[in-house]
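Reviewing the structure listed below.
Rule-based calculations on the coordinates, nothing more; no lab input. A quick note: this is a predicted structure, and the numbers were derived from the prediction, not measured. Cβ sites come from the backbone with ideal geometry, for glycine too, and all protein chains shown count toward neighbours.
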Amino acid sequence: MRLDAYLARAGLASRRQARDLIRRGRVRVDGEVCRDAARRIVSETVRLDGRAVGSPALIEDFILHKPEGFACSRDEREAPLVFDLLDERLRRREWLIAGRLDRATSGLLVLTRDGELVHRLTHPARKVPKRYRIGFEGELAPDAVDRCRAGLLLQGEDRPTRPAELVIQGPGRATLVLREGRTHQVRRMIRALGAEVVSLQRDRIGAFVLPPDLAPGDLRPLDRAERALLLSDNSL
């Protein structure tokens, strides 16, 4: 990870403060002063004012850009798994996934060891919004937006979905914001509205947006400010 993120995740400073510490020459990497906040740290020894900074192994929260084709599972029979995308050191740890995605869906995943964070992101009572970008075939019902806002009764269920925000962006393209997480909910809602999902990506949780520079299959630590964004609504 970047050196400034390394310091921030160790709880020593915010990202901005960490960059200032680095710029002022107070940080050493393997014994040498480093003034490059973007330097990537893998296994080097990092010291601030002569004191060793905690290992990246202590990081508890990551974001992953899940590619299509990977299962959110530990069952090897379902391989390839999202955990196969982690390096060997991280694969050995017991990660929780805060809001799973099915194999055919790509996008933002949160990996954590904090059960309370998983609860806050996924429990229906919390109503944390999640946005999905949809590619679909067919024609959506003329009243699709209103029906999502009112709540849809899906096949096999006895209660309607919570109010959801559907935005039709053009032929075959839409976004949908949900505040719950039923099985295959987006696909089932679009089918109930007359079309079929052909591509699906979750690009936002709370007020946190999937970083555009995080390529499919890539992983990076989540800092404190970003973690707070996950749990905030911010008009979604």
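Here are the numbers for the structure shown:
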item	result
Along principal axes, Cα extents of the chain, largest first, whole Å	64, 40, 32
Hydrodynamic radius (Kirkwood) for the range 129-205, which is based on Cα pairs only, to one decimal in Å	12.2
Local electrostatic count, PRO160, Cβ distance below 14 Å [Lys/Arg +1, Asp/Glu -1]	+3
Extension reserve of the ARG26-GLU68 stretch, reckoned as 0.36 nm per residue once the Cα distance is removed	10.9 nm
Alpha carbon centroid spacing (whole Å) that separates the range 73-147 from the range 172-236	8
Dipole magnitude of the range 129-205, debye to nearest 20 (Cβ charges: Lys/Arg +1, Asp/Glu -1, about Cα centre)	380
LEU21, LEU121 arranged by Cβ crowding within 10 Å, fewest neighbours leading	LEU21, LEU121
Dipole of the chain, positive direction: furthest Cα of GLY115, LEU210, VAL53, with charges on the beta-carbon	VAL53
From phi via Karplus (6.51, -1.76, 1.60), per-residue ³J(HN,Hα) for the range 121-127 in Hz, x at Gly/Pro	7, 10, 5, x, 5, 6, 6
Computed [θ] at 222 nm, helices only, for the chain once each DSSP H run of length n ≥ 4 contributes -39500 (n - 2.57)	-5500 deg cm²/dmol
Antiparallel bridges, percent of DSSP beta bridges restricted to the range 83-236 (to nearest 5)	90
Gyration tensor verdict on the range 186-236 (Cα atoms; rounded if a/c is under 1.5, prolate if a/b is larger than b/c, oblate otherwise)	oblate
Table column - 3J(HN,Hα) (Hz), the range 128-143, Karplus curve with 6.51, -1.76, 1.60, x for Gly and Pro	5, x, 9, 9, 10, 9, 10, x, 9, 10, x, 10, 6, 4, x, 9
P(r) histogram, all alpha-carbon pairs of the range 89-162 included - 10 Å bins from 0, percent	14, 33, 35, 13, 4, 0
Radius 13 Å from Cβ of ARG187, net charge of other residues (Lys, Arg +1; Asp, Glu -1)	+2
